[in-house]
Structures are given as C-alpha cells and as structure tokens.
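Some notes on the structure that comes next.
The values are calculated or read from the model by the stated rules, or taken from the named source; none is laboratory data. Note that the structure is a prediction, hence the values are computed from the model and not measured. Cβ coordinates were reconstructed from backbone atoms using ideal geometry, including for glycine residues, and neighbour counts include every protein chain displayed. For accessibility, only protein heavy atoms count, side chains too; no ligands or nucleic acids. Shrake-Rupley method; radii C 1.70, N 1.55, O 1.52, S 1.80 Å.
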Amino acid sequence: MRLTRRKRVFALLAAVLCLLTSVAQAAGRIDLSRKPTLTLSYRDGRTALSGATFSIYRVADADETGELTVRSEFDDFDLDIRGTNDSRWRAMAQTLESYVLRRELTPADSGKTDKSGTLTFPTQGKKLPAGLYLVIGERHTQGGYHYDAEPFFVLLPTQDLEKNEWVYDVSANVKFDKTPVPDDDDTVTRKVLKVWDDDGAEDSRPREITVELLKNGRVYDTVKLSEKNNWRYTWSDLDADARWTLTEKTVSGYTVSITREGITFVVTNTKKPDRTEPPDTPPKPSHPSNPAKPTLPQTGAVWWHVEALALAGLGFLILGALDRKREA
C-alpha cells in the first residue's frame, strides 16, 4: 500500500513538472515568423506632438529563446545587455545615442508622428526582425518649445513575465525634455566631468582621454582631459538653439557611460573585469511595471525551471515527511 501511494505521488509530481515544462517552453519561445510592431505615442499632456521624426536602430538580434547577440556595428561599444537596472539602461541609451549620431549609422526604420502624435514601426515596406532596438528622436519644435525625446531601448517582441508570453505589438510613451525656444542671441554653457570607477586599479588609467562635443550630432570641438585640468572642461557662449551631446574616444580596458546632469556631462569609465575572473551571474529579469511604457530588455534567460524544480522539491520533502511519520 505504501509503495502504491508513493508511486502515485511520484506520478503526480512528474505530471505537474511535465505540464510546467511544456507550458513554459511554449510561452518562452519567440515565433520568428511573426514580425513585431512598435507604436510610439508622443504627447505633451493633451497636446499631440505631430511631425516629430524618430529612428530605430537594431542593436542586437534575438533568437527564438530570447537570447540577444549584439550586432557587429555595435561591437565597439562593449554593451552589457544583462539585467534590468533602470538607471543603467537609461545611461546606456543616452551614451549610445551620441555615438550613433556621431557615426551616422543607418537606422532600421524612420518615420514621423501623425496628427495624433502616433508613429507605428515598421513603416511601409519595412520589417522588424526580433531584436533589441534603440529609439532616437530628433529635436521637435512646436508651440514655442523645443522637445528633445529621451532615447530608450525596447525589446521586440517584449516578454510579459506575468502572463508568461511574448507580446508582438508593443506600445511606448516617449519621455522628453521641454525647453522654451531661445532668442537668437542667447547662449548656454556646457561642462564635462570625468569619473573613474576603477578602485584598486588607478595605476592602469590612461594619462589623458579625448572627448568630442557634438552640435546637433556633428563634432563641434575636441578636448583632452587629464589630471592637469582635473579631468574637467567648460564650454561657454554656445548656441542656445542647438542640441549639445558628447562622446568619448574609446579607452582601452574600460567601458564608458555618459549622462547629463544639468549643464554637465558626466563621463564615467568603468574598469573591465579581469578575463580570468568568472562573469557575474545575470540577475533575474523583473516584471514589467507598465506595459504602456518602454519595457526594459530581457537577457533571454528563462526562469520557469526554477519554480518547477522548487515545486518538485517541495513535493519530495512532503513525501519524505509522510514516510517518516508512518515509520514512527
């Protein structure tokens, strides 16, 4: 009788595990034959921002499991596309925007928002293969204001972890900076500050690094930063009506992150780990908090097996406890 009951419990656990496996695998695979879409909504409250130009760049390709492979044209950027840290992804998008504009890379698709402030990709005659995309908007002027869209990443299709399914028609609300159109003679100041994230490896820093100030995506000035100028520089009397961004020439052994804080570009160089050290374990992807907002890219890691194995382990513990109780 005891053996029969044990067999029944094992059979039940095996059936549950197989069911979880089949469901997870069905939901966890991308149908590469389906072509995803991305719809942008660009609005300032009730005001539709119409006629605004956006371009999207395919940064990484996705396979049917959701694993991402960075495309060759972005190899130089040494992108770390693991995890879902909001601030890190935001900084990475801002950094990559300047380099994309500097190198004049060809976008996967481009278009303008309609009278309702909406733009859907792909546009006519284009297709969007599964992958990680960077969305960049050009400066848009309307109603006496400049609108500068915040660049962001989006994974197409996007994984809805709560429903355990892939969403092929993705929507995103574009965030932006809004500033009044300046007078013709107005000027602005921009600063750059170099930050080193290399605790314990200070001796490996280069003696100097080179940054480029971009005016509307084109190189305006080139400056070298070093200990002599305290790793900082200030540009004065710049055209207030231009859009100013910054790039840094590649520093061997370091990754770069460029963020803007007020009028200051903060350029952070982080020392790459020793290749002999084991890579960090990618964190578990978080659940998207709002499907209407850009969903942070997933690493392609599938987590269904963790819950399934945990459930199976719990069942075996219960079975063992029952056996010990009967033996007692």
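Translational D (Stokes-Einstein, µm²/s) of the range 202-254 at 37 °C and 0.692 mPa s when Rh comes from the Kirkwood sum over C-alpha pairs? Could the numbers behind the result be given before it?
On the way: Rh = 12.4 Å.
So the translational diffusion coefficient is about 265 µm²/s.
Applying the Karplus relation 6.51 cos²θ - 1.76 cosθ + 1.60 with θ = phi - 60° to the range 230-236 yields 3J(HN,Hα) values of 6, 6, 8, 7, 10, 9, 10 Hz, where x marks Gly and Pro.
Quick one: of 127/163; 112/163; 175/249, which pairs are farther than 30 Å apart, Cα to Cα?
Over 30 Å apart, Cα to Cα: 112/163.
If R0 equals 41 Å, the separation of the Cβ atoms of residue 186 and residue 61 corresponds to a calculated FRET efficiency of about 0.40.
How much of the accessible area of the range 92-137, probe 1.4 Å, is carbon plus sulfur, in whole percent?
Summing carbon and sulfur atoms, their accessible area is 49 percent of the total for the range 92-137.
Peptides 104-111, 55-62, 116-123 ranked from most to least packed, by the mean per-residue count of other Cβ atoms within 10 Å: 55-62, 116-123, 104-111. Quote the Stokes-Einstein diffusion coefficient, in whole µm² s⁻¹, for the range 90-202, based on the Kirkwood radius over alpha carbon pairs, a temperature of 10 °C and a viscosity of 1.306 mPa s. Estimated via Stokes-Einstein, D reaches 91 µm²/s. Maximal additional length on extending the residue 272-residue 250 stretch stands at 6.6 nm, based on 0.36 nm per residue less the C-alpha distance.
A straight Cα-to-Cα reach below 17 Å connects residue 126 with the aspartates and glutamates 61, 109, 169, residues fewer than 8 places away in its own chain not being considered.
Taking amide H as placed 1.01 Å from N in the peptide plane, residue 161 has no amide H partner under 5 Å among residues 5 or more places away or on another chain. Summarising the amide proton neighbourhood of residue 52: residues at separation of 5 or more, or on other chains, whose placed amide H is nearer than 5 Å comprise 113.
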